[in-house]
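Student: I have a structure I would like to understand better, so I am pasting it below and will then ask my questions one at a time.
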Amino acid sequence: MDLGPKTRWARYLWAGTLAIALAATLYTATARAATTTASAPATAVGLVTRDKVALRAAPSESAASQTLLWRGEALEIRGARGDFLQVWDHHRERGGYVRATQLMRVGGDAAEAPQLLALLGFVSEQPGAEPLGLALAAATIQALPAAALQGPPGAAVMDAIGRQAERLAERATAGARRSDDPLLTAHLDVARRHGVELTTREQDGRMTICYEGDAWRRLLVLPAASAEQRARAALALTRAECVEQPARLADREALDEDLADLLAHADAPALAPHWRARIATRQAEVWSRIAYARAQRDQANRARSAAQQAIDAIGRIEKAELVDDDLTRFHAAAVRVNAVRWAAAPAGPASGRLTVATRRADDGQTCVLLRDPKARADAPALAERCSWGQVWAASAAPNREGTALALAVQPVDGWRELWVFKKDAGGWGVQVLPPAALQPGIGYAEFAGWEPGGRRMLVAREALAEGKTIRRFEVVKVATLTPERTAFDAEALGPFSRWPDAAWKRASLALR
């Protein structure tokens, strides 16, 4: 197949496996049928349509059950005895009898293709029926002519495979703690026989079962795929929890650039507004990771461009177009983008009674030096603190009294802390205000303004916890960094109406 120019996204799509095994379970029976003589009856394939079907030793309900069959399994039909069909199970290498009402015959010829497509469309929407849907997809692949597989019917089959595989992966993730679920175990085994590969990913101590994505990659290179099908495939292939991140920062950046390119190709004008919002949400997430990676590699201009892409993507989203699940993802993406938004800020001249400078330590850390701009150039720093993370020097905000300065520092991707340099009776020191009392994940704590007198500071904090974002606006006492007043809405606190920092109010996503 001619893929055209070797773009980033095309190279990414074909990086995975290229061997579809979905129809493999039907090959043995159909090959045997093709070799039968004119006088011998042609064999057919039966798909098991329900779970816990008994494969009996004789055509009778009272006959011994040799094993249990599960929906979606493919059996070769070799004859009929009353209400029973004589079958051969190639997987278990065992024969027996199954009630005819518990199997669906498929012959694999082109005449069956329209009916199989209709059945596939219906079954693929039924939760719990994924193995049967995958078996129907296998039968449809065999029935469709080669030309049709490159057209809309082929795209519909790949879309159905991807959706069912994703749903099965979600079931596996939810049931990961219940190792004694025989139904789920059987369905996963049948799906594996139909060529669906699931992988396990670990992120932040949580295990996620993910679909490997072969059908989605195949769908994206089909010219006949619809805009919605392409968008669904692109979103599935760019889920952060299912993308294995390389160890090296440069490799992670390159991978995210591939994902951003893939999403750009899926962002078609023909998409419905809610699909475009979903694509933009994912673009914001991906570009925020790219911005942080570039900043960590001292590529300030490229980091600025990536951060602006993330901010623009969030800005394109109409919240009214989002359903509940989409709204949760939007808020999580907005938190991530807000954490890195200082990458898009141009470096301005230092001002105020306090300034900060940075230097690279011998061990690679970035050290922040708090200085008095009126002091001699060779005077020692008022205070110093180092970090392995990203110091956003442009965020430095001193109070008028010259007794405190707030600074944004991002120790890891997606998590931005607030460093507060402050002067007390013992001299200068620095304390860290995290987004929440959690392990670093997704969140930010940011300076929002100074109260007159410089003893209190306005702070906005937001973090992702238990699948939802928690946002708080606080009036913090500088001496102890403890909140004196807290609200979930900035308008509920008078100081946020009277003394917000103009730059914060203009640029922060905390007020979205």
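The values are calculated or read from the model by the stated rules, or taken from the named source; none is laboratory data. Only a predicted model underlies this, so the values are computations on that prediction, with no experimental measurement involved. Positions of Cβ are generated from backbone atoms using ideal geometry, with glycine treated the same way; all protein chains shown enter the neighbour counts. Remember, those area values only see protein heavy atoms, side chains included, never the ligands or the DNA or RNA. Shrake-Rupley method; radii C 1.70, N 1.55, O 1.52, S 1.80 Å.
Student: Where does each of 289-296, 473-480 land if you order them by average Cβ count within 10 Å, highest first?
Tutor: 289-296, 473-480
Student: Specify the angular offset, from 0 to 90 degrees and rounded to the nearest 10, of the alpha carbon long axis of helix 273-296 from the longest principal axis of the alpha carbons in the chain.
Tutor: 50 degrees
Student: For n ≥ 4 DSSP H runs only, could you compute -39500 (n - 2.57) per run for the chain, divide by its residues and tell me the 222 nm figure to the nearest 500?
Tutor: -11500 deg cm²/dmol
Student: Taking the Cα centre as origin and putting +1 on Lys and Arg beta-carbons and -1 on Asp and Glu beta-carbons, what dipole magnitude results for the chain, to the nearest 20 debye?
Tutor: Roughly 1060 debye, rounded to the nearest 20.
Student: Something else now. How big is D for segment 318-421, in µm² s⁻¹ as a whole number, if Stokes-Einstein is applied with the Kirkwood radius of its Cα pairs at 20 °C and 1.002 mPa s? List each step's numbers first, then the result.
Tutor: Working: Rh = 15.5 Å.
It comes out at roughly 138 µm²/s.
Student: Rounded to the nearest percent, how much of the accessible area of the chain (1.4 Å probe, protein heavy atoms only) is carbon and sulfur?
Tutor: On the way: 12340 of 24270 Å².
Exposed carbon and sulfur together represent 51 percent of the surface.
Student: Roughly how many Å² of ASP325 are accessible to a 1.4 Å probe, to the nearest 10?
Tutor: Its heavy atoms expose roughly 100 Å² to the probe.
Student: What span do the alpha-carbon atoms of segment 268-317 cover on each of the three principal axes, reported in whole Å from largest to smallest?
Tutor: In descending order, the Cα extents are 39, 15, 13 Å.
Student: One-quarter of the Cα convex hull surface for the chain, in nm²? Write out the running numbers ahead of the final one.
Tutor: Numbers: hull surface 120.4 nm².
Average of the hull's projected areas for the chain equals 30.1 nm².
Student: Then there's this: Given the convex hull of the Cα atoms of segment 357-512, what is a quarter of its surface area in nm²? Write out the running numbers ahead of the final one.
Tutor: Values: hull surface 40.4 nm².
Spelled out: convex hull of the Cα atoms, projected over all directions, averaged, 10.1 nm².
Student: Another question, if that's okay. Rounded to the nearest angstrom and ordered from largest down, what semi-axes does the equivalent ellipsoid of segment 384-464 get from its C-alpha gyration tensor (root of 5λ)? Before the final figure, lay out the partial values.
Tutor: Numbers: eigenvalues 96, 40, 23 Å².
Semi-axis lengths for segment 384-464 are 22, 14, 11 Å.
Student: As I understand it, the value is the acute angle between the Cα axis of helix 113-123 and the longest principal axis of the Cα atoms of the chain; what does it come to in degrees, rounded to 10?
Tutor: The answer is roughly 50 degrees.
Student: Net charge near SER497: determine it from the other residues with C-beta under 14 Å of the C-beta of SER497, scoring Lys and Arg +1 and Asp and Glu -1.
Tutor: Values: positive: ARG485, ARG498, LYS505; negative: GLU451, ASP489, GLU491, ASP501.
Around SER497, the surrounding residues sum to -1.
Student: Suppose we take every Cα in segment 187-230 and form the convex hull; what volume per residue is that in Å³? It would help to have the intermediate numbers written out before the result.
Tutor: Details: hull volume 4.7 nm³, N = 44.
Spelled out: Cα convex hull of segment 187-230, divided by residues, is 107 Å³.
Student: Here is the link list: LYS319/LYS477; LYS319/LYS468; LYS374/LYS505. Which ones come out longer than 24 Å on Cα distance?
Tutor: Those over the limit are LYS319/LYS477; LYS374/LYS505.
Student: Rule-of-thumb check for segment 84-143: C-alpha Rg over 2.2 N^0.38 Å? Mind showing how you got there, number by number?
Tutor: Details: Rg = 12.8 Å, N = 60, 2.2 N^0.38 = 10.4 Å.
For segment 84-143, the normalised Cα radius of gyration is 1.22.
Student: So how many Å³ per residue does the convex hull of the Cα atoms of segment 107-182 work out to? Mind dumping the intermediate values first?
Tutor: Values: hull volume 6.2 nm³, N = 76.
Convex hull volume per residue, Cα atoms: 82 Å³.
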